[in-house]
Amino acid sequence: MPSFDHDGVEIAFFDEGEGEPIVLVHGFASNKEVNWVAPGWVSTLQRAGRRVIALDNRGHGASTKLYDPAAYHSAIMADDVRALIDHLGLPRADVIGYSMGARNTAFLAVANPDHVRSAVLGGVGGRLVGGVGLQPDVIAQALEATSLAAVTDPTGYAFRAFAEQTKSDLRALAACMRGSRQPLERDALVRMAVPVLVATGTKDLVAGSPEELAALIPGAQALSIPDRDHMLAVGDRVFKAGVLKFLAERP
């Protein structure tokens, strides 16, 4: 598995297929395989003629594990994506992010619009601006608990169970949860100068409204994924079809 060094942090990634490049940025406690390979995104995009690139965010998968929350600021994690695009010598790329990965993608599109041909923000909505949608300390404490059985908060329990399923470094994830939950400011979204699709499940209680977020971004489109919650929307065929249509509209 290839990797590269970004400011002392080793970032693992894969780069498969040929065609216009698209970079995939996974969500919290996931990794490039769980978020993008298993739900069929990589095969779907390759069948559409795309070169598919996906990274393990810092603290996740095969990338370096860090234990200082300050190392996980959304702007820093977004810059890992920018550094990957530069490492591969790409002038720019379409970028799809999900949940935390969508937040990182939004930060990337604001800070480095020249690197982003278009952005898909999946699993986020109005709470990207008005709040973080979760209780970071509750989830971090669940990740730090002595065992899954010791976790009493339902949301914390769900995240701890998922983190164990993905064989994640729980201490690194706790630091990430505490350090990476920055909302974007409204004036930053207004300045977002790339085509954007916001896609969220209609039963997603974490993200908020996709329409509310899309309304703050000039020209952005909103896609509601019917009858899907935050976890089940990831691999939904409506989501995939909406993304392929959005990408096909790009010049």
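The values are calculated or read from the model by the stated rules, or taken from the named source; none is laboratory data. The structure presented is a predicted model; accordingly, all values stated were derived computationally and were not measured. Backbone-built Cβ (ideal geometry, glycine too); neighbour counts: all protein chains shown. Note: areas computed on protein heavy atoms with side chains; ligands, DNA, RNA excluded. Shrake-Rupley method; radii C 1.70, N 1.55, O 1.52, S 1.80 Å.
Couple of notes before you dig in:
- Rounded to whole Hz, the Karplus (6.51, -1.76, 1.60) HN-Hα couplings of the range 15-31, x for glycine and proline: 9, 10, x, 10, x, 5, x, 9, 10, 10, 10, 7, x, 4, 6, 9, 7
- Integer Hz, Karplus 6.51/-1.76/1.60 couplings in order for the range 186-203, x for Gly and Pro: 4, 5, 5, 5, 4, 8, 5, 10, 10, x, 9, 10, 9, 10, 9, x, 5, 9
- For the range 40-106 versus the range 1-35, the gap between their alpha-carbon centres in whole angstrom: 5 Å
- Residues whose placed amide H lies under 5 Å from that of Val25, excluding near-sequence neighbours: Ile96, Gly97, Tyr98
- Annotation: the chain has a Kirkwood hydrodynamic radius of 17.8 angstrom, from the mean reciprocal C-alpha pair distance.
- Rounded to the nearest whole angstrom, the semi-axes of the ellipsoid equivalent to the range 70-116, taken from the Cα gyration tensor as √(5λ), stand at 17, 12, 9, largest first.
- For the chain, calculated [θ]222 nm from helices alone, where every DSSP H run of n ≥ 4 adds -39500 (n - 2.57): -10000 deg cm²/dmol
- Taking 37 °C and 0.692 mPa s as conditions, the range 1-133 diffuses translationally at an estimated 225 µm²/s according to Stokes-Einstein applied to its Kirkwood radius (Cα pairs).
- Peptides ranked, highest mean first, by Cβ atoms within 10 Å: ranges 161-172, 240-251, 110-121: 110-121, 161-172, 240-251
- Translational diffusion of the range 122-251, estimated by Stokes-Einstein from the Kirkwood radius over alpha carbon pairs at 10 °C in a medium of 1.306 mPa s, is 99 µm² per second.
- Asp137 exposes around 90 Å² of accessible area when a 1.4 Å probe is run over every protein chain in place.
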